[in-house]
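Here it is, the structure, as structure tokens.
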């Protein structure tokens, strides 16, 4: 940076001819390594134009030109210089990363199939290098994001590609990136348990704070969707297990429905005190629909615990039309427990059994 600040004001046209070439070479290096790619490119273009054979003695100018174009997102131009450099030094250091950039340029230019071929070449030729690991991840992402890509023709699924990266360099930061992407892939394909296990293992590793926040956010979304599916499938014991293993990831202020599903699971499992606890938590955060369901659930639990007076305080607050039919049913049962039969009849007369539609989560065989 200091060299660049000193050299920038110099006007090369006033230098002796033998110094002009040296000046442009020095400035492009300083600018390139300072990540001022636009300024580097300005001097690289002068070198390539005025000294056409200079790349033979200074091949770096080809590499720096290609990479500067790449970082400036000029993807249509960069491959020419990157491949030019590669052809001069096919066994050069970091060629895995260089060819990976070529593949990325092809992808960004809309050449998905050519990009995959180049990424696969990097994987086949460079095995466990950083460029090959990144290439596996990029192939997996292309397959996952493009339905027109034939996975069978590639020979590996995204899951297999991510697992290869993890197994080849298990302790590396790039393996953690692969873990996060694998977990997200599981989530996308509704393989919730596998996704949760990978996210959980990743969160326990020494990852940076930004990735940790992203992992926790994704984990929270996954758990909420997983529990919702389990609730739809009436797998209430599984919901309780998910909570017991992963509860530290859930922020109830963001996902109050998770608390409701958990409360429902405890209620159906006969753990009414636990259910009341979580219904109460859901009430603090819920929208109107979830609040009504939580009120109904709390009323049922208090009735099951033979506390009909307490049950009535919650059941009487249910106003939504369909839920109110269930609430009236349990209000009637509460009054029966209290031996207040006239009030029970009054509540029950307001509904008909046909109004209590499937699924009958609230009404077990004993109530019928």
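In this structure, is residue 251 outside any helix (DSSP H, G or I), surrounded by fewer than 17 Cβ atoms within 10 Å (Cβ to Cβ) and free of Cβ contacts under 8 Å to residues at least 60 places away in the same chain?
Here the answer is yes, as residue 251 does meet what is asked.
Restricting attention to the range 190-198, does a residue exist that is surrounded by fewer than 20 Cβ atoms within 10 Å (Cβ to Cβ), modelled with pLDDT of 95 or more, under 21 Å from the mean Cα position of the chain (by Cα) and not in a helix (DSSP H, G or I)?
yes
OK, next. Go through the range 127-158 residue by residue and tally those that are under 23 Å from residue 180 (Cβ atoms) and either assigned to a helix (DSSP H, G or I) or in contact (Cβ under 8 Å) with a residue 60 or more places away in the chain (or both).
So the answer is 19.
Then there is this: Kindly provide the set of residues from the range 317-349 that are closer than 21 Å to residue 280 by Cβ and either touching a residue at least 40 places away in the same chain (Cβ under 8 Å) or buried (at least 21 other Cβ atoms within 10 Å of the Cβ) (or both), ordered by number.
Residues satisfying the conditions are 318, 326, 327, 330, 331, 334.
While we're looking at this one, here's another question. I need the full set of residues from the range 68-81 which are touching a residue at least 12 places away in the same chain (Cβ under 8 Å) and surrounded by fewer than 21 Cβ atoms within 10 Å (Cβ to Cβ), in order please.
71, 72, 73, 75, 76, 80 - these are the residues of the range 68-81 that are touching a residue at least 12 places away in the same chain (Cβ under 8 Å) and surrounded by fewer than 21 Cβ atoms within 10 Å (Cβ to Cβ).
Only residues that are under 17 Å from residue 273 (Cβ atoms) and under 40 Å from the mean Cα position of the chain (by Cα): list them for the range 303-327, please.
314
Right, here's the next one. Among the residues of the range 37-60, how many are surrounded by 17 or more Cβ atoms within 10 Å (Cβ to Cβ) and within 39 Å of the chain's Cα centre (by Cα)?
Of the residues in that region, 4 qualify.
Kindly establish whether residue 107 is more than 23 Å from the chain's Cα centre (by Cα) and surrounded by 15 or more Cβ atoms within 10 Å (Cβ to Cβ).
No, not satisfied.
Would the range 90-101 turn up any residue that is closer than 22 Å to residue 21 by Cβ and touching a residue at least 12 places away in the same chain (Cβ under 8 Å)?
no
Testing residue 313 on (1) in a helix (DSSP H, G or I); (2) surrounded by fewer than 16 Cβ atoms within 10 Å (Cβ to Cβ); (3) touching a helix residue (DSSP H, G or I) at 6+ places or on another chain (Cβ under 6 Å), one condition comes back false. Which one is that?
Of everything listed in (1) in a helix (DSSP H, G or I); (2) surrounded by fewer than 16 Cβ atoms within 10 Å (Cβ to Cβ); (3) touching a helix residue (DSSP H, G or I) at 6+ places or on another chain (Cβ under 6 Å), residue 313 misses just condition (3).
A follow-up question, please. For the range 199-216, name all the residues that are assigned to a helix (DSSP H, G or I) and touching a helix residue (DSSP H, G or I) at 6+ places or on another chain (Cβ under 9 Å).
Of the residues in the range 199-216, the ones assigned to a helix (DSSP H, G or I) are 199-203, 209-216.
If the condition is that a residue be assigned to a helix (DSSP H, G or I) and touching a helix residue (DSSP H, G or I) at 6+ places or on another chain (Cβ under 9 Å), then 199, 200, 201, 202, 203, 211, 212, 214, 215, 216 are the ones that fit.
Taking residue 264 as meeting all but one of (1) within 30 Å of residue 171 (Cβ to Cβ); (2) assigned to a helix (DSSP H, G or I), write down the number of the exception.
(1)
Among the listed residues 279, 258, identify the single one that is part of a helix (DSSP H, G or I), touching a helix residue (DSSP H, G or I) at 6+ places or on another chain (Cβ under 6 Å), free of Cβ contacts under 8 Å to residues at least 24 places away in the same chain and closer than 17 Å to residue 240 by Cα. I'd like the intermediate steps shown before the answer.
Working: 258 fails: free of Cβ contacts under 8 Å to residues at least 24 places away in the same chain.
Every option except 279 fails the conditions.
Still on this structure, I have one more. Could you pull out the residue among 164, 159, 130, 141 that is surrounded by 14 or more Cβ atoms within 10 Å (Cβ to Cβ), over 22 Å from the mean Cα position of the chain (by Cα) and under 27 Å from residue 204 (Cα atoms)?
Of the residues listed, the single one that is surrounded by 14 or more Cβ atoms within 10 Å (Cβ to Cβ), over 22 Å from the mean Cα position of the chain (by Cα) and under 27 Å from residue 204 (Cα atoms) is 130.
The values are calculated or read from the model by the stated rules, or taken from the named source; none is laboratory data. Computed from a predicted structure; not experimentally measured. So basically every Cβ, Gly included, is an ideal-geometry build from the backbone, and we count neighbours across all protein chains shown.
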